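For reference, the structure discussed in these notes is given below.
The values are calculated or read from the model by the stated rules, or taken from the named source; none is laboratory data. None of these values were measured; they are calculated from a predicted model. All Cβ positions, even for glycine, are placed from backbone atoms using ideal geometry, and neighbour counts span all protein chains on display.
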Amino acid sequence: MRSAVMITGATRGIGRALVYAFARKGFDVAFCSGNEEDCLALLEELKERYPENRYFAKTCNVADEAQIKTFVKLAWETLGSLKILINNAGFGVFDAFTNITAEDWQRIFAVNFMGPVLLCEELIPLFLQNEGYPKGIVMNIGSFSVEKYVPGNIAYAASKGSLKTFSEDLFCEYRTRGICVTYVSLGSVNTGFSKRFSANADLKMTPLDVAEAVSSTAELMLGAKNLCISNLELRTTTPPEAPGVKE
């Protein structure tokens, strides 16, 4: 039976690479971003390049619970049972602690932490309806800055640290019920996500590298009888030496 994956933050950087990686491997793909024009453009590209797959694209602010509920409902109705959720959407404000406002903190945690929590609340009950093993896979895209101090990264790292704890506890709660939960810890990736960390691009991982590793890990878990990879750490082979690079 064909498997379907849901990917957030899908039209740029790592998210876009993930969409293409799963489509290339024959998955049906539901994806979202905050920009309708970008969503529609990506959808047309996919239909032309991989017409054998089915797709569902919609704008969705992952900080908005009502939009999440609508996105999940329509995606499930369109593609049938989903097997994989990849929480990739992210937002960051990179500055000294005293320059980060309360509104910045709220938005960072709304997107990077509460978004994945709300998506899991919607999808895990649906995953449990699936047959076979695993019933569902959740992969939360995190950051190695949780483990190592990076100047100006305090709010982003705090949100990803919360996501890591959530992922580990969710794995423990659902591992015996057929749900795999993976926290993906990323080192330096050349995405332009933060211009402050744009130096030494040639020494960083590419979005394609990350997408291949994540999609291959998902395939491995889908094909195994009793295997869950709870933590996936991706690092560069040659750590950049620029100030502030998280390696």
Listed by first then second residue, the pairs whose first member lies in the range 153-172 and is in contact (Cβ under 8 Å) with a residue 40 or more places away in the chain and β-branched (Val, Ile, Thr), whose partner is part of a helix (DSSP H, G or I) and surrounded by fewer than 22 Cβ atoms within 10 Å (Cβ to Cβ), with beta carbons under 9 Å and at least 6 positions apart or on separate chains, are ILE154/PHE97
Hey, could you check the range 140-174 for residues that are of a type in the set (A, V, I, L, M) and part of a helix (DSSP H, G or I) and say which is nearest to the chain's Cα centre (by Cα)? LEU163
Only one of ILE137, ILE124 is under 17 Å from LEU170 (Cβ atoms), in contact with a strand residue (DSSP E or B) (Cβ under 7 Å, 6 or more places away or on another chain) and either assigned to a strand (DSSP E or B) or modelled with pLDDT under 95 (or both). Can you tell me which? ILE137
What residue, among those in the range 1-24 that are over 16 Å from VAL72 (Cβ atoms) and of a type in the set (S, T, N, Q), is surrounded by the most Cβ atoms within 10 Å (Cβ to Cβ)? THR11
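Residues checked against (1) touching a strand residue (DSSP E or B) at 6+ places or on another chain (Cβ under 7 Å); (2) hydroxyl-bearing (Ser, Thr, Tyr); (3) surrounded by 19 or more Cβ atoms within 10 Å (Cβ to Cβ); (4) more than 25 Å from CYS180 (Cβ to Cβ):
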| site | (1), (2), (3), (4) |
| --- | --- |
| GLY26 | no, no, no, no |
| GLU44 | no, no, no, yes |
| TYR55 | yes, yes, yes, no |
| GLU65 | no, no, no, no |
| LYS69 | no, no, no, no |
| GLY92 | no, no, yes, yes |
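Working carefully through the options ASP209, ASP202, find the one that is modelled with pLDDT under 95, assigned to a helix (DSSP H, G or I), closer than 28 Å to LYS25 by Cβ and under 17 Å from the mean Cα position of the chain (by Cα). Break it down into steps so the answer makes sense when it comes.
Working: ASP202 fails: under 17 Å from the mean Cα position of the chain (by Cα).
Residue meeting the stated conditions: ASP209.
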Being farther than 24 Å from GLY223 by Cα and buried (at least 23 other Cβ atoms within 10 Å of the Cβ) is the requirement here; does LEU85 meet it? no
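State all residues of the range 18-38 that are farther than 15 Å from ALA218 by Cα and under 16 Å from the mean Cα position of the chain (by Cα); if no residue qualifies, say none.
Within the range 18-38, ALA30, PHE31, CYS32, SER33, GLY34 meet the criteria.
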Flagged pairs (Cβ under 6 angstrom, 6 or more apart or on separate chains; first in the range 213-226, touching a residue at least 12 places away in the same chain (Cβ under 8 Å); second in a helix (DSSP H, G or I) and crowded, with 17+ Cβ neighbours inside 10 Å) are SER215/ALA21; SER215/PHE22
